[in-house]
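Remarks on the structure that follows.
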Amino acid sequence: MSDLGETFFTSVGCMDGRVQAPIEAYGQARYHVLYPDIITEAGLVGILANNPNSELLDAIKKKILISVEKHHSKGIIVHGHQHCAGNPIEDNSHKKQTKKVAEIVRGFVPSGLEVKPVFVIKNGSSWVVEEL
Ligand SMILES: [Zn+2]
(Lines give C-alpha, C1' and ligand atoms only; values in the text may rest on other atoms or scores of the structure.)
Protein backbone atom coordinates (compact mmCIF):
# COMPACT_ATOMS: atom_id res chain seq x y z
CA MET A 1 0.00 0.00 0.00
CA SER A 2 1.63 3.26 1.09
CA ASP A 3 4.04 4.07 3.90
CA LEU A 4 3.45 6.67 6.54
CA GLY A 5 4.64 9.97 5.11
CA GLU A 6 3.71 8.94 1.57
CA THR A 7 0.87 11.35 1.02
CA PHE A 8 -1.28 11.84 -2.05
CA PHE A 9 -3.68 14.00 -3.95
CA THR A 10 -5.59 12.97 -7.06
CA SER A 11 -5.11 14.53 -10.49
CA VAL A 12 -8.00 14.00 -12.92
CA GLY A 13 -7.40 15.40 -16.38
CA CYS A 14 -5.60 15.29 -19.71
CA MET A 15 -2.56 13.16 -20.47
CA ASP A 16 -0.79 16.21 -21.97
CA GLY A 17 2.78 16.32 -20.61
CA ARG A 18 2.80 20.11 -20.49
CA VAL A 19 0.27 20.26 -17.67
CA GLN A 20 1.57 17.52 -15.36
CA ALA A 21 4.32 19.51 -13.61
CA PRO A 22 2.18 22.60 -12.88
CA ILE A 23 -0.64 20.40 -11.58
CA GLU A 24 1.79 18.45 -9.41
CA ALA A 25 3.24 21.65 -7.91
CA TYR A 26 -0.24 23.11 -7.36
CA GLY A 27 -1.54 19.97 -5.62
CA GLN A 28 1.57 19.61 -3.47
CA ALA A 29 1.22 23.20 -2.27
CA ARG A 30 -2.55 23.12 -1.84
CA TYR A 31 -2.80 19.86 0.10
CA HIS A 32 0.70 19.64 1.66
CA VAL A 33 1.28 16.20 0.17
CA LEU A 34 4.01 14.60 -1.91
CA TYR A 35 2.50 12.60 -4.74
CA PRO A 36 -0.19 12.96 -7.38
CA ASP A 37 -2.17 9.88 -8.35
CA ILE A 38 -2.67 10.67 -12.03
CA ILE A 39 -5.93 9.64 -13.65
CA THR A 40 -5.96 10.54 -17.28
CA GLU A 41 -7.16 10.21 -20.84
CA ALA A 42 -6.58 12.50 -23.81
CA GLY A 43 -9.00 15.40 -23.26
CA LEU A 44 -10.53 13.72 -20.21
CA VAL A 45 -12.93 16.47 -19.11
CA GLY A 46 -14.34 16.66 -22.64
CA ILE A 47 -15.08 12.96 -22.55
CA LEU A 48 -16.60 12.96 -19.06
CA ALA A 49 -18.70 16.09 -19.67
CA ASN A 50 -20.35 14.55 -22.74
CA ASN A 51 -22.18 11.48 -21.47
CA PRO A 52 -19.34 8.95 -21.56
CA ASN A 53 -20.15 5.28 -21.93
CA SER A 54 -20.63 3.63 -18.56
CA GLU A 55 -17.60 1.38 -19.02
CA LEU A 56 -15.24 4.35 -19.28
CA LEU A 57 -16.96 6.25 -16.48
CA ASP A 58 -16.75 3.18 -14.22
CA ALA A 59 -13.04 2.75 -14.98
CA ILE A 60 -12.30 6.39 -14.10
CA LYS A 61 -14.47 6.18 -10.98
CA LYS A 62 -12.67 3.01 -9.85
CA LYS A 63 -9.25 4.68 -10.18
CA ILE A 64 -10.40 7.79 -8.27
CA LEU A 65 -11.82 5.64 -5.47
CA ILE A 66 -8.58 3.64 -5.17
CA SER A 67 -6.73 6.93 -4.76
CA VAL A 68 -9.25 8.10 -2.15
CA GLU A 69 -9.69 4.86 -0.21
CA LYS A 70 -6.26 3.21 -0.45
CA HIS A 71 -4.03 6.28 -0.69
CA HIS A 72 -6.21 8.51 1.50
CA SER A 73 -6.01 11.29 -1.08
CA LYS A 74 -6.23 14.73 0.51
CA GLY A 75 -7.98 16.37 -2.43
CA ILE A 76 -8.94 15.94 -6.06
CA ILE A 77 -7.93 18.37 -8.78
CA VAL A 78 -9.98 18.22 -11.97
CA HIS A 79 -8.20 20.02 -14.79
CA GLY A 80 -8.56 21.13 -18.36
CA HIS A 81 -6.05 23.15 -20.36
CA GLN A 82 -5.45 25.40 -23.35
CA HIS A 83 -4.40 24.00 -26.75
CA CYS A 84 -5.75 20.55 -25.89
CA ALA A 85 -5.30 18.10 -28.78
CA GLY A 86 -7.79 15.65 -27.28
CA ASN A 87 -10.47 18.25 -26.57
CA PRO A 88 -9.99 21.07 -29.10
CA ILE A 89 -12.68 23.56 -28.03
CA GLU A 90 -12.51 27.18 -26.96
CA ASP A 91 -11.37 27.99 -23.44
CA ASN A 92 -14.70 29.09 -21.95
CA SER A 93 -16.46 25.87 -22.97
CA HIS A 94 -13.51 23.85 -21.76
CA LYS A 95 -13.66 25.62 -18.38
CA LYS A 96 -17.40 24.90 -18.14
CA GLN A 97 -16.75 21.24 -18.86
CA THR A 98 -14.06 21.18 -16.18
CA LYS A 99 -16.49 22.57 -13.58
CA LYS A 100 -19.18 20.13 -14.69
CA VAL A 101 -16.81 17.18 -14.32
CA ALA A 102 -15.81 18.40 -10.84
CA GLU A 103 -19.52 18.21 -9.95
CA ILE A 104 -19.74 14.67 -11.34
CA VAL A 105 -16.74 13.60 -9.26
CA ARG A 106 -18.21 15.26 -6.14
CA GLY A 107 -21.19 12.96 -6.62
CA PHE A 108 -19.25 9.79 -5.86
CA VAL A 109 -16.48 10.75 -3.42
CA PRO A 110 -16.86 11.39 0.35
CA SER A 111 -18.49 14.78 0.97
CA GLY A 112 -15.64 16.20 3.07
CA LEU A 113 -13.09 15.75 0.31
CA GLU A 114 -12.34 18.82 -1.80
CA VAL A 115 -12.83 18.50 -5.56
CA LYS A 116 -11.15 21.52 -7.14
CA PRO A 117 -11.61 22.50 -10.81
CA VAL A 118 -8.69 24.35 -12.43
CA PHE A 119 -7.60 25.34 -15.93
CA VAL A 120 -3.97 25.30 -17.09
CA ILE A 121 -2.99 28.15 -19.39
CA LYS A 122 0.11 29.04 -21.35
CA ASN A 123 1.77 32.14 -19.97
CA GLY A 124 4.82 33.10 -22.04
CA SER A 125 6.80 29.89 -22.24
CA SER A 126 5.43 28.31 -19.08
CA TRP A 127 2.14 26.65 -18.13
CA VAL A 128 0.31 27.96 -15.08
CA VAL A 129 -2.70 26.87 -13.06
CA GLU A 130 -5.73 29.16 -12.98
CA GLU A 131 -8.40 28.41 -10.37
CA LEU A 132 -11.98 28.12 -11.59
ZN1 LIG B 1 -5.21 17.90 -23.46
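The values are calculated or read from the model by the stated rules, or taken from the named source; none is laboratory data. None of these values were measured; they are calculated from a predicted model. FYI the Cβ positions are ideal-geometry reconstructions off the backbone, even for glycines, and counts take in every protein chain you see. All accessible areas refer to the heavy atoms of the entire protein, side chains included, with ligands and DNA or RNA removed. Shrake-Rupley method; radii C 1.70, N 1.55, O 1.52, S 1.80 Å.
What number comes out for accessible area per residue over the chain if the probe is 1.4 Å? Units Å², please.
So the chain comes to 52 Å² accessible per residue, rounded to a whole number.
Points 7 angstrom from Cα along the Cβ direction at residue 56 and residue 108: gap in nanometres?
Output for this residue pair reads 1.4 nm.
Give me the net charge of residue 15's neighbourhood, meaning all other residues with Cβ under 15 Å from the Cβ of residue 15; Lys, Arg count +1, Asp, Glu -1.
Around residue 15, the surrounding residues sum to -2.
For the chain, which DSSP H helices look membrane-span-like by this rule: Cα extent along the axis of 18 Å or more and mean Kyte-Doolittle of at least 0.0?
Helices meeting the criterion: 54-69.
When only Cα pairs under 8 Å and 6 or more residues apart are kept, what is the percent relative contact order across the chain?
Relative contact order here is 29 percent.
Placing unit charges on C-beta atoms (Lys and Arg positive, Asp and Glu negative, everything else neutral), compute the dipole magnitude of the range 1-65 about its Cα centre in debye, rounded to 20.
So the magnitude is around 160 debye.
Run the dipole for the range 57-132 about the Cα centre, Lys and Arg Cβ at +1, Asp and Glu Cβ at -1, nothing else charged, and hand back the magnitude in debye, nearest 20.
200
Label-point separation (nm) for residue 72 and residue 100, each offset 7 Å from Cα along Cα-to-Cβ?
Using points 7 Å along Cα→Cβ, the separation is 3.6 nm.
Is the C-alpha gyration tensor of the chain telling us rounded, prolate or oblate? Criteria: a/c under 1.5 is rounded; beyond that, a/b larger than b/c is prolate, otherwise oblate.
Oblate shape, in that a/c is at least 1.5 and b/c is the bigger or equal ratio.
For the range 31-101, just say rounded, prolate or oblate: build the C-alpha gyration tensor, square-root its eigenvalues into a ≥ b ≥ c, call rounded for a/c under 1.5, and beyond that prolate if a/b exceeds b/c, oblate if not.
The shape class here is oblate.
If I take R0 = 35 Å and measure r between the Cβ atoms of residue 2 and residue 42 in this structure, what FRET efficiency does the formula 1/(1 + (r/R0)^6) give, to the nearest 0.05?
For residue 2 and residue 42, the calculated efficiency is 0.80.
Could you size up the charge dipole of the chain around its Cα centre, putting +1 on the beta carbon of Lys and Arg and -1 on that of Asp and Glu, and report it in debye to the nearest 20?
Dipole magnitude for the chain comes out near 220 debye.
Would you mind telling me the share, in percent, of accessible area of the range 1-75 contributed by carbon and sulfur at probe 1.4 angstrom?
55
Pick out, from 53, 65, 26, the residue whose Cα sits farthest towards the positive end of the charge dipole of the range 8-86, with +1 on the Cβ of Lys and Arg and -1 on the Cβ of Asp and Glu.
26
Give me the accessible area of residue 32, 1.4 Å probe, in Å² rounded to the nearest 10.
About 150 Å², rounded to the nearest 10.
How far is the Cα center of the range 89-132 from the Cα center of the range 28-52, in Å?
9
Extension gain residue 63-residue 28, at 0.36 nm per residue separation less the Cα-Cα distance, in nm?
Answer, rounded to one decimal: 10.6 nm.
Determine the share of the range 83-132's accessible area contributed by carbon and sulfur atoms, expressed in whole percent, with a 1.4 angstrom probe.
48
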